[in-house]
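Student: The structure under discussion is supplied below as structure tokens; questions concerning it will follow.
All of the numbers you see were taken from the coordinates with simple rules; none came from a lab. Computed from a predicted model, the values in this text were never measured in an experiment. Please note: Cβ atoms are built from the backbone with ideal geometry, for glycine as well, and neighbour counts cover all protein chains shown.
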Amino acid sequence: MDNILGLIGTIIGALGFALAVFATIRQAQAEKRNAQEQEIQKQEKARSDRLMFLADRIFDSSIPRELRQPFYEEYISMKGNGTAVRFWQLEAEREKKLQQPA
């Protein structure tokens, strides 16, 4: 009887150990996945922040247009689009109309 109880205890202990190893591996995988997701979010936020900064410079009419040109070019190179690009284009059209003789 002692041998049977010892054998059952050994089997249960081995199963418990295997379960603990499995759980540890799963937790490590989840932490690795979370770390990658956080890194992706960090990069996306940095990109978004940079695009916002560039858009602010593009919209700042107090800065001469030729000095804002590098900000616009970087904005475009980062695949920025939308309002800042439309503003830049409309501003260029306005300047052309003002420069043309009536």
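Student: Would you work out which of Gln27, Gln69, Phe53 lies farthest towards the positive end of the dipole of the stretch 2-99? Charges go on Cβ: Lys and Arg +1, Asp and Glu -1.
Tutor: Gln69
Student: Between Thr24 and Asp49, what's the calculated FRET efficiency when r is the beta-carbon distance and R0 is 35 Å? Round to 0.05.
Tutor: Efficiency, rounded to the nearest 0.05: 0.40.
Student: Something else: If you place +1 on the Cβ of every Lys and Arg, -1 on the Cβ of every Asp and Glu, and leave all else neutral, what size is the dipole of the chain about its Cα centre, to the nearest 20 Debye?
Tutor: 320
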